[in-house]
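Every number in this text was worked out from the coordinates using simple rules, so none of it is lab data. What you are looking at is a predicted structure, and each value in this text was computed from that prediction instead of being measured. All Cβ positions, glycine included, derive from the backbone under ideal geometry; neighbour counts span all protein chains shown.
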Amino acid sequence: MARVKLELPAQFNFRTNIPIRIQDLNYGNHVGNDAILSIMHEARMQYLQASGLQELDKVSNTGLIMADVAIIYKGESFHGDVLEIEVAAAEYSATGFDLYYRITALRKDTRILVAEAKTGMVCFDYNQRKVSRLPAAWKEQLV
């Protein structure tokens, strides 16, 4: 079976910690794949905020949409763990960029790699309902 492969950036300039909630668990009593994607969304919002950006500019009604996502699961995470999510931007185009994530469970004195992921983010004009250009300042602002 062919597997998804990602090459993560050498350096991540942003990291945040997010505790696992009981609702993040699935029937296997570990963090579910849907919860990992939701946690990535929260990390993305924190990353953009730290960069002085927003996912949606309510004045111009433009923002970002997720064009694709790839998640490679490496280990389990459980209730009580705190996830450290590292985020880095790369692969800029005229209309967007990729965000890379490294998700590690912090458990007592142990670090367990839980997942590596990428989201393809595209600028979108909600007034015209179409893809728009990446603002020039964004590439410089993304930490």
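A few remarks follow.
- Rounded to the nearest 20 debye, the dipole size of the chain about its Cα centre is 100 debye, using +1 on the Cβ of Lys and Arg and -1 on the Cβ of Asp and Glu.
- For the options 133, 102, 44, a Gaussian network treatment of the chain with springs between C-alpha atoms closer than 10 Å singles out 133 as fluctuating the most.
- Nonlocal amide H pairs with residue 134, under 5 Å, H built at 1.01 Å: 95, 96
- Extension gain for the segment residue 91 to residue 108, taken as residue separation times 0.36 nm less the Cα-Cα distance, is 2.6 nm to one decimal.
- Among the listed pairs 58/139; 108/139; 74/130; 5/58; 74/139, those beyond 27 Å (Cα-Cα): 108/139; 74/130; 5/58; 74/139
- Here residue 65 and residue 136 are evaluated by their C-beta separation; at R0 = 22 Å the FRET efficiency comes out at 0.70.
- Selected from 60, 93, 38 as most flexible by GNM, with the chain as the system and alpha-carbon contacts under 10 Å: 60
- Taken one residue at a time, the phi angles of the range 121-138 give Karplus couplings (6.51, -1.76, 1.60, θ = phi - 60°) of 9, 10, 6, 9, 9, 6, 6, 8, 6, 8, 5, 10, 6, 6, x, 4, 5, 4 Hz. Gly and Pro are set to x.
- Spin-label model, residue 3/residue 25: points 7 Å from Cα along the beta carbon direction are separated by 2.8 nm.
- Eligible aspartates and glutamates near residue 118 by straight Cα distance, threshold 16 Å, same-chain separation 8 or greater: 7, 34, 42, 68, 84, 86, 91, 98
- J(HN,Hα) series, the range 106-113, from Karplus relation 6.51 cos²θ - 1.76 cosθ + 1.60, nearest Hz, glycine and proline x: 9, 9, 6, 9, 10, 10, 10, 5
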